Amino acid sequence: MTNSSYLDQLNESQREAVVTDTKSLQILAGPGSGKTRVLTTRVAWLVKQKHLRPSTVVVVTFTSKAAKEMKERLEQSHVLGSPRSNYLRLGTFHSFCSRLIRRHVELTSLKRNFVIADSSKSKLLIETVVKELRDKMDPLNKERKPAEFRKYISDAKSNGIDHHTYMGLHGQDKLKKDTAMVYSAYEEKLEKANMVDFDGLLLKGRDLIKQYPQTVEFVTHVLVDEFQDTNALQYEILLLLTHHGEKSITVVGDPDQSIFGWRFADKKNFDNMEFDYKGTTVVNLKQNYRSTKNILSNATQVVSLDRARKPREFFTNNHAGIPISTLHTDSETDEANVVAQEIKRIVKFSNGLVNYKDIAVLFRMNHLTLNFEQALLRAEVPFILVSGTRFLDRMEIKDILAYLFFFYNPMDTGAFVRLVNAPKRGVGDVSVKKILALVETKNWTLIETLQRVVNQHPEASSIRITGKARSGLQSILTLHLEIEERMQRMESPASLLKWIVEATGYIDYLKTNYEKDHESKTENVQELINFAHRQIEDQLDAEK
């Protein structure tokens with residue numbers, strides 16, 4: 001293949017986007033315009049034609065799934081191929097900041113083995129802080145739920161405001177003042193437990209680059225997917241990564257598809273970029289490969305109602321397709337029944353061209369599904385409800401992972417609270433709170449505290465527990481020692497997980513306490529072990 005063969009499949013505007021030689025490039029890509037192909041091909045062009053070292057190229061996506069898809073495309077021999085694609089700095093904003101912080105952890109307030117607090121740990125810490133600070137709050141704020149304070153804190157972080165700055169900005173407003181108090185205490189608990197939450201990863205990443213710009217001196221070019229979804233903090237990180245325009249940047253996105261305003265995503269960043277990066281080149285991908293003419297025409301009319309929108313033209317060579325129709329009904333029940341009957345009609349009269357699996361019903365919110373489920377059942381229309389809890393957020397998965405989190409970082413109080421009675425060990429909520437209070441007041445580690453409680457140390461005499469609870473806490477200490485030894489022997493994560501499940505009797509616990517769905521929960525636990533095993537196999541294959 002020639003050096004330019006990877007460009008041969010591109011249309012005129014796609015090719016222009018890929019080979020435009022400029023420091024600052026915006027690629028405006030509508031739905032179905034080949035956005036991912038263009039971005040991956042531009043990465044390949046920068047490495048092959050501009051001779052950039054892959055390790056100096058940063059590619060930022062918004063989801064791990066998108067990063068994986070992009071990596072798979074880049075690994076194809078006609079695009080970039082291995083091993084060059086393996087050296088790219090490719091991942092989400094969060095993963096990039098996490099790796100950067102771990103590489104330069106000595107320049108931050110974190111320690112080397114810091115843990116990323118997931119949503120449940122963050123929620124638990126906020127709840128603890130709010131309980132501790134209620135008496136200090138303004139009377140109007142004492143009844144506010146922890147979730148409300150958590151949202152305010154997350155919003156502040158999304159806008160790049162740390163707890164020190166927040167207090168300075170909102171010292172007079174009573175609600176904001178109490179939020180600042182909760183924010184500061186929450187950050188103190190995170191730091192004491194050597195943890196950082198997801199929003200905090202970006203804040204700490206931003207601060208690290210800002211204070212020590214040499215940490216990203218290696219960067220020559222930054223490429224960003226789904227640019228319309230960047231918020232103020234993420235945009236600031238991009239400015240810092242590129243030294244405010246000294247380094248090159250390419251962004252791909254569609255202002256018409258900005259859907260994360262609730263997370264402070266700001267499509268105005270397209271305008272901000274043209275201001276901050278003088279001489280920005282803008283390339284429009286005009287051809288839509290996905291939609292029919294009817295769909296594209298109607299969609300364009302809808303987005304054109306936005307008067308602040310810059311005019312853009314799209315076209316498709318696809319056929320006209322089925323006309324779009326709207327249905328008006330008197331009630332939600334009627335709506336569901338009409339949709340169910342319409343689905344049956346389409347399948348019946350399509351002469352085999354359309355099957356039930358080819359049809360999707362979309363909802364604004366999950367709670368709206370019930371009427372449709374019942375209507376489809378009555379109409380004998382087979383369907384699959386695509387919803388439910390994410391795998392890693394399921395109760396049984398969080399229970400098992402809590403053991404790994406706790407034994408990896410014994411200051412992880414959230415993990416301890418989760419595992420202490422999974423399975424049940426007879427340790428009551430009051431005892432757990434007293435144990436955590438000792439950790440705070442005595443400045444002991446959780447392991448040291450458990451040892452003193454089990455051994456009835458004089459300084460832990462405030463905690464009186466039953467023989468069963470003492471035995472339960474001792475079992476945690478024994479597990480901790482065993483897992484430490486297994487970790488030192490470099491035992492695989494899959495083997496560790498399997499041993500934890502067996503040593504704790506967790507499957508029996510599920511059978512006893514979750515009679516109706518213990519089988520599915522057991523299958524989920526086994527899938528977690530299988531997943532860990534597959535990850536190691538994939539890593540070994542990559543290293544061969």
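None of LYS210, LYS204, LYS192 is of a type in the set (Lys, Arg) and free of Cβ contacts under 8 Å to residues at least 60 places away in the same chain except LYS210. Taking the numbered list (1) closer than 30 Å to ARG53 by Cβ; (2) assigned to a helix (DSSP H, G or I); (3) not small (Gly, Ala, Ser) in turn, ILE116 passes all entries but (2). The helices (runs of 4 or more DSSP H) found wholly in the range 33-105 and carrying at least 2 residues that are surrounded by 15 or more Cβ atoms within 10 Å (Cβ to Cβ), touching a helix residue (DSSP H, G or I) at 6+ places or on another chain (Cβ under 8 Å) and free of Cβ contacts under 8 Å to residues at least 40 places away in the same chain occupy 35-48, 64-75.
The number of residues in the range 166-189 being in contact (Cβ under 8 Å) with a residue 12 or more places away in the chain, out of contact with any strand residue (DSSP E or B) (no Cβ under 9 Å at 6 or more places or on another chain) and under 17 Å from THR413 (Cα atoms) comes to 2.
Does any residue of the range 415-426 turn out to be surrounded by fewer than 14 Cβ atoms within 10 Å (Cβ to Cβ), more than 23 Å from the chain's Cα centre (by Cα) and not in a helix (DSSP H, G or I)? There is at least one residue in the range 415-426 that is surrounded by fewer than 14 Cβ atoms within 10 Å (Cβ to Cβ), more than 23 Å from the chain's Cα centre (by Cα) and not in a helix (DSSP H, G or I). Note on the range 152-178: among residues that are more than 28 Å from the chain's Cα centre (by Cα) and surrounded by fewer than 19 Cβ atoms within 10 Å (Cβ to Cβ), the one that is modelled with the lowest pLDDT is GLY171. The set of residues in the range 445-499 that are free of Cβ contacts under 8 Å to residues at least 24 places away in the same chain, over 18 Å from VAL430 (Cα atoms) and among the β-branched types (Val, Ile, Thr) contains only THR478. A single member of GLU459, GLU485, GLU519, GLU448 is part of a helix (DSSP H, G or I), surrounded by 15 or more Cβ atoms within 10 Å (Cβ to Cβ) and assigned by TED's automatic domain parsing to the domain that holds GLY414, and it is GLU448. Only one entry in VAL439, VAL430 is under 16 Å from GLY414 (Cα atoms), surrounded by 14 or more Cβ atoms within 10 Å (Cβ to Cβ) and at pLDDT below 90, namely VAL439. Surrounded by 16 or more Cβ atoms within 10 Å (Cβ to Cβ) and at pLDDT 90 or above: does that describe GLY505? Answer is no for this residue. The residues of the range 290-336 that are closer than 30 Å to LYS267 by Cβ and either in contact with a Cys (Cβ under 6 Å, 6 or more places away or on another chain) or not in a loop (DSSP other than H, G, I, E, B) (or both), listed by number, are LYS293, ASN294, ILE295, LEU296, SER297, ASN298, ALA299, THR300, GLN301, VAL302, VAL303, PHE315.
Any residue at all in the range 386-399 that is among the β-branched types (Val, Ile, Thr), modelled with pLDDT under 90, out of contact with any helix residue (DSSP H, G or I) (no Cβ under 9 Å at 6 or more places or on another chain) and on the phi < 0 side of the Ramachandran plot?
The answer is yes; a qualifying residue exists.
Against the condition among the charged types (D, E, K, R) and surrounded by 14 or more Cβ atoms within 10 Å (Cβ to Cβ), how does ARG464 come out, does it pass? So ARG464 fails the test. Candidates in the range 488-497 are the residues that are assigned to a helix (DSSP H, G or I) and more than 12 Å from TYR403 (Cβ to Cβ); of these, the one that is nearest to the chain's Cα centre (by Cα) is ALA494. Within the range 185-210, the set of residues being of a type in the set (Asp, Glu) and touching a Gly at 6+ places or on another chain (Cβ under 9 Å) comprises GLU187 only. For ASN294, are the conditions met, namely being outside the structural domain of ARG42 (by TED's automatic domain parsing) and surrounded by 13 or more Cβ atoms within 10 Å (Cβ to Cβ)? In short, yes. TYR356 fulfils the conditions (1) closer than 29 Å to VAL251 by Cβ; (2) touching a residue at least 24 places away in the same chain (Cβ under 8 Å); (3) surrounded by 14 or more Cβ atoms within 10 Å (Cβ to Cβ) except for a single criterion, (1). One residue stands out in the range 12-24 among those that are in contact with a Phe, Trp or Tyr (Cβ under 9 Å, 6 or more places away or on another chain) and outside any helix (DSSP H, G or I): the one that is surrounded by the fewest Cβ atoms within 10 Å (Cβ to Cβ), namely LYS23. Just to be sure before I move on: is SER471 among the hydroxyl-bearing types (Ser, Thr, Tyr) and in a helix (DSSP H, G or I) in the structure I sent? So SER471 fits the description; yes.
The values are calculated or read from the model by the stated rules, or taken from the named source; none is laboratory data. Source: prediction; values computed, not measured. Cβ: placed from backbone, ideal geometry, glycine included. Neighbour counts: every protein chain shown.
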